[in-house]
Structure formats: C-alpha cells, structure tokens
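Here the structure is laid out as structure tokens; the discussion comes afterwards.
The values are calculated or read from the model by the stated rules, or taken from the named source; none is laboratory data. Model, not experiment: these values are computed from the prediction. Backbone-built Cβ (ideal geometry, glycine too); neighbour counts: all protein chains shown.
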Amino acid sequence: MTILDFVDEIVSGKEKARANVFILVSYIVYAACALGVWMHFSDGDFSFVCFAGSGVQALGFLLLLHKVRTTRSAAGISSKTLQVYILTFLFRLSSTMVKNGYLPIDRSADWAFQAADIASLLMVFQLMFFIHKRYADTYQDELDSMPIWKIVPGFMLFACCVHGELNHSFFFDTVWAVGMWMDTIAMLPQLWMMASRGGAVEALTANFVACVFLSKCMMWAFWYTGYEELGPKQGGYGGFNVFGYLVMFAHTMQLLFSADFMYYYFKWQGSNLQKGGSWCLGSGRSKVSEQLVLPMSMDV
C-alpha cells in the first residue's frame, strides 16, 4: 500500500477512509507532541529519545486500541502480554513518579515521560476491558497459553537481589528494576500466541509491535549512552558494573523479541504476496479481524 493509495482511500471516501484518517491524525499528533517537547522541554539533549521511545509505545497502544474498536474483535491479541505490561507501567511509575534516578536529565523527565506511561497504562486497561468483556467472544483464549506467570515471581525476586542505586532507596530501586524485567518478558506471550496461530499477524497488532520495536530501539540507544552511570559508587559487586550490564542485556532482549515479531510479520506478508496478495495491511483473511492500512510504502 503506497502513500498515494492511502490518500486516495481518504479522498474518495472508500470503506477504510475513516480508519485511515484516524491513523494519519494519530501520527501527526504524536509528531507534533514530540516536536513540542523537543523544542520546549528537552534542551536539545540526547536524553530526549527516552521520552520519544515512551511516546511511540503509547502511540502503538492507541493504534492497537483503535484496531479492536474498529474491527470489534480481539482476535490475535494476547491478554497475558497486556497483563504483564500493566505490571511494567505500575512498577515503573511507582519509581518515576517519586524519584528521578532513572529518568532523562532534561525537563521531559518532569512530566512528559511519565504522562506517556500513564497514557499507555490507561489504554492497556481499556484493551483488557474490550478483550474480556465487550469482545470476549472473539478472544482466542486457547491460543494465549504461555505459562508466563511461572517466571514472573523469579524476575521479581531477582530484582530484589540485584538492582541499581540511582534512586538511593532499596524500595524505589527495586520497583524500577522489576518494571524493567516485566517490560523484557511482556512480548513473550504475544510471540507464543503468534506461533500458535501459524505465524499470522493481525494488521494493527503488527502496527503496535512496529511502534514497540521503534520504542525499544530508542530506549536501547538511551541506556547504551548511560549504562555506565549505573556502576557501583562504593565498590559494590567488587567494583564491577553488574546492574549496568544487566540493564543493557534486558533492553537488548526487549529489542530482539520485538525484532523477532517484526521478522515473522514480514515473512507472513511475503507469503501473502506470493499467493497474489499485496504489501498492505488491508489484506485480511477473516471477517472477524478485518485489517487496516498504514500510510507507508512498506507496512511496518
């Protein structure tokens, strides 16, 4: 689907015009907000990418929510992934709303970064309502079968034992570390579900994952420039920056999990192209999950 095709559907008032307008406006609003924060709150510092990453993630949840509302279907969406994301935001906000040890050094850390996480959390709660209440008959519970809750307690315990010191508080350093590990494993149930469905990916679910992937790229870049600050100040862990390397490991795994989803999505689209389809997110296979399009030459 090219940009011209996308615009033509809007101008001609075709079936997907309204959905396309919403997607286009969502990107424009995000770009405007990011530009505003960059110009007035970032001081032109590289740490702006931390807010940008959080904002892109919120954009992804918005588009996923729009997909569910438009198609009236929760098919292909993992409730367990959303549940782990709830833990991610609750633990992370418990730290970032009170302490600033793991926040960017510019003014975007005063409210913008937290606002993006709060927006994401509220949209995840609404998605959970749609999945388990309004469109519960479309949720594929039998495919969302990864036993993710068996490993969650282990990561929480690990975070209690190994965490940073930037917040200068055992509690707030620990909850931030728990949030990071929850973020690391959040995509696993969605990948599991995708594999159970034979690799098929719903259109705006793929759009959501693309936004998450871009978000992980930004967060990885942010922590790559700052992980050395996580090193022990008083010679802890024998003077070795254990937690700094763990943070880089966690964000690298987040990036790889998201990239894995993207790989299988394009692999599936390539298979669809060979069968006479097209490189667009509107090539749906079922009535239950009618797919939408993105204003891009390649559907990411």
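Things worth noting here:
- Among the residues of region 59-81, none qualifies, meaning not one is within 18 Å of the chain's Cα centre (by Cα) and loosely packed, with under 15 Cβ neighbours inside 10 Å.
- Criterion violated by W279 - all others in (1) modelled with pLDDT under 80; (2) not in a loop (DSSP other than H, G, I, E, B) satisfied: (2)
- I86 vs. criteria among the β-branched types (V, I, T) and surrounded by 23 or more Cβ atoms within 10 Å (Cβ to Cβ): no
- Condition check for D106: in contact with a Gly (Cβ under 9 Å, 6 or more places away or on another chain), within 28 Å of A34 (Cβ to Cβ) and among the charged types (D, E, K, R): yes
- Lone qualifier among M182, M193, M187 - being surrounded by 20 or more Cβ atoms within 10 Å (Cβ to Cβ), modelled with pLDDT of 90 or more, touching a Leu at 6+ places or on another chain (Cβ under 6 Å) and of a type in the set (A, V, I, L, M, F, W, C): M182
- Residue in region 95-105 that is over 17 Å from C211 (Cα atoms) and under 15 Å from the mean Cα position of the chain (by Cα) present: no
- Condition met for A52 (part of a helix (DSSP H, G or I), surrounded by 23 or more Cβ atoms within 10 Å (Cβ to Cβ) and either in contact (Cβ under 8 Å) with a residue 40 or more places away in the chain or among the hydrophobic types (A, V, I, L, M, F, W, C) (or both)): yes
- In region 150-199, the residues that are free of Cβ contacts under 8 Å to residues at least 60 places away in the same chain, part of a loop (DSSP other than H, G, I, E, B) and either in contact with a His (Cβ under 7 Å, 6 or more places away or on another chain) or hydrophobic (A, V, I, L, M, F, W, C) (or both): I151
- Some residue of region 145-157 being at pLDDT 90 or above, of a type in the set (F, W, Y) and either surrounded by 20 or more Cβ atoms within 10 Å (Cβ to Cβ) or under 19 Å from V84 (Cβ atoms) (or both): yes
- Within region 99-124, residues that are closer than 16 Å to Q57 by Cβ and touching a residue at least 60 places away in the same chain (Cβ under 8 Å) reach partners that are surrounded by fewer than 21 Cβ atoms within 10 Å (Cβ to Cβ) and acidic (D, E) with beta carbons closer than 8 Å, at six or more positions or on different chains, in the pairs P104/D45.
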